[in-house]
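The values are calculated or read from the model by the stated rules, or taken from the named source; none is laboratory data. Computed from a predicted structure; not experimentally measured. We place every Cβ from the backbone using ideal geometry, glycine too, and count neighbours over all the protein chains shown.
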Amino acid sequence: MPLLAPARPGPSPSAADPPLLDSGHGRTDRFCIGLERRRPSCSRCRADRSRAGRPLRRGGRREVVPIAAPPFEEAPFIRACRGLSVDRVPVWFMRQAGRSLPEYRAARGPGSILDAIAQPELVAELTRQPVDRYGTDAAIFFSDIVVPVAAIGFGVDVAPGTGPVVADPFRRKEDLQRLRPLDPTTDTPYVVDAVSILAAELEVPLIGFAGGPFTVASYLVEGGPSKNFAAIKALMHGEPLIWHELVERLTDLALTSLRSQLDAGASAVQVFDSWAGILTPRHYRELVLPATRRLFAELAESHPDAPTILFGVGTGELLASMATAGSNVVGIDWRVPLDEARRRVGPGIAVQGNLDPAMCLTTWEVAATETREVLERAGTAPGHVFNLGHGVLPETDPAILERVVELVHAEGRAGVEAPG
Ligand code: CP3
């Protein structure tokens, strides 16, 4: 039984369809008519494009290509997110694009990662690199969780080896004025452009992403990475009204950013509330979950067919709450075995994870044994996306990850129908 209902099927093409100069998708009020370039937000345009291999990007008319289904609807990653059967267990890695890859280090160049993120062709290349190298079943968009707040001028940079740093942290009510709404077309046009390039070229689904409200807030309030999150906890509990307004504004930023990525052609999205595991279950439920629920509810309204993933580190005690946030998938770090994680998130939710990234640092034998352990714990029921429990560590030998992908494809059983 599928865990989740499959996406609504699109209108089926008919042999009697007349040849059209426009895309003729019956959604001309919103999309397509007379456009030289097809719209990624129109699912049939996207399907035509995937069949035709390329979008109509450089002018000229195209022939209408009949299509069977929207693109990537059959991809193992999308099917596993929906809790459907798959022909192989899909796998991708958080931080698959990054310092562990020599081709990344060669292409990335010096300077802040925020400068690299603002170059669409470079972003497209960095996003594609790990897919080409590892054969992963999804690409993660190359960007960062602080891009929306940086783009509206909050004053954030990303320091190499440290992470996001804020020169003038969020401390008082007046700082709310520094968090205006995001306009993706003028504030982050490079995100829209890079996603459009990738949506046209990738052969696997593209995962867009945003930071979760607690995690982004933690950088703004702490001023950088933190060990005990004292400043943000003091704000959450000492100034509840300011916290509420802060979390709602950050949720709006994430929502606008995720919508712009989906409109430009991303197939799914992940919300990284990476540091939420520092909270007690009650504080998470009362102070973070309501905004997170709103985020997924509003996304489901505007993009009902896009699978969604919610992830955090050290969230073992929060999993039952996170499972009620409204995402299709919950990401699991390595601390909770997947069979136990499945029990905690309950039916109707797929799980993603959860190999300890450090298990890829030594020998292939260690990585293989630990990968098999994850596959074993994932069981045979559908709804497992293989991943690490957190990001790829920079010291990782790419050859090990390549072999992990092969092993998951060969031996993963969750939702894989036996041949014949
Ligand atoms: O493959 C990918 O995942 C690439 C896209 C990506 C990056 N950051 C690029 C990046 C994604 C999905 C992120 C998300 C992100 N950024 C998170 C959530 C994921 C997680 O790890 O929990 C967080 C907390 C951040 C904030 C951030 N940005 C940190 C902690 C760091 C690392 C600092 C360091 O140098 O060790 C960054 C910088 C960053 N973002 C790098 C990459 C590839 C490091 C390499 C570089 O600067 O070139």
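Couple of notes before you dig in:
- Every condition in (1) within 21 Å of LEU318 (Cβ to Cβ); (2) of a type in the set (A, V, I, L, M, F, W, C); (3) in a helix (DSSP H, G or I) is met by ALA210 except one, and the failing one is (3).
- Residue in the stretch 385-408 that is farther than 21 Å from ILE140 by Cβ and in contact with a strand residue (DSSP E or B) (Cβ under 8 Å, 6 or more places away or on another chain) present: no
- Annotation: GLY161 fulfils all but one of (1) within 10 Å of the ligand (Cβ to nearest atom); (2) in contact with a strand residue (DSSP E or B) (Cβ under 7 Å, 6 or more places away or on another chain); (3) under 30 Å from ALA230 (Cα atoms); the unmet one is (2).
- Which numbered condition ILE113 misses (of (1) under 18 Å from the mean Cα position of the chain (by Cα); (2) within 25 Å of ALA217 (Cβ to Cβ); (3) within 9 Å of the ligand (Cβ to nearest atom)): (1)
- Among residues of the stretch 240-293 being without any contact (Cβ under 8 Å) to a residue 60 or more places away in the chain and among the polar types (S, T, N, Q), the one that is nearest to ASN328 (Cα to Cα) is THR251.
- Cross-chain or 6+ apart pairs with Cβ under 9 Å, the stretch 124-150 first and free of Cβ contacts under 8 Å to residues at least 24 places away in the same chain, then of a type outside the set (A, V, I, L, M, F, W, C) and more than 8 Å from the ligand (Cβ to nearest atom): GLU125/GLU103; ASP132/GLU103
- Residue within the stretch 164-182 that is buried (at least 19 other Cβ atoms within 10 Å of the Cβ), within 16 Å of the ligand (Cβ to nearest atom) and either part of a strand (DSSP E or B) or at pLDDT 95 or above (or both) present: yes
- Selection within the stretch 145-158 - over 22 Å from the mean Cα position of the chain (by Cα) and within 16 Å of the ligand (Cβ to nearest atom): PHE154, GLY155
- Candidates are the residues of the stretch 77-109 that are more than 16 Å from the ligand (Cβ to nearest atom) and in a helix (DSSP H, G or I); the one that is farthest from PRO394 (Cα to Cα) is ARG79.
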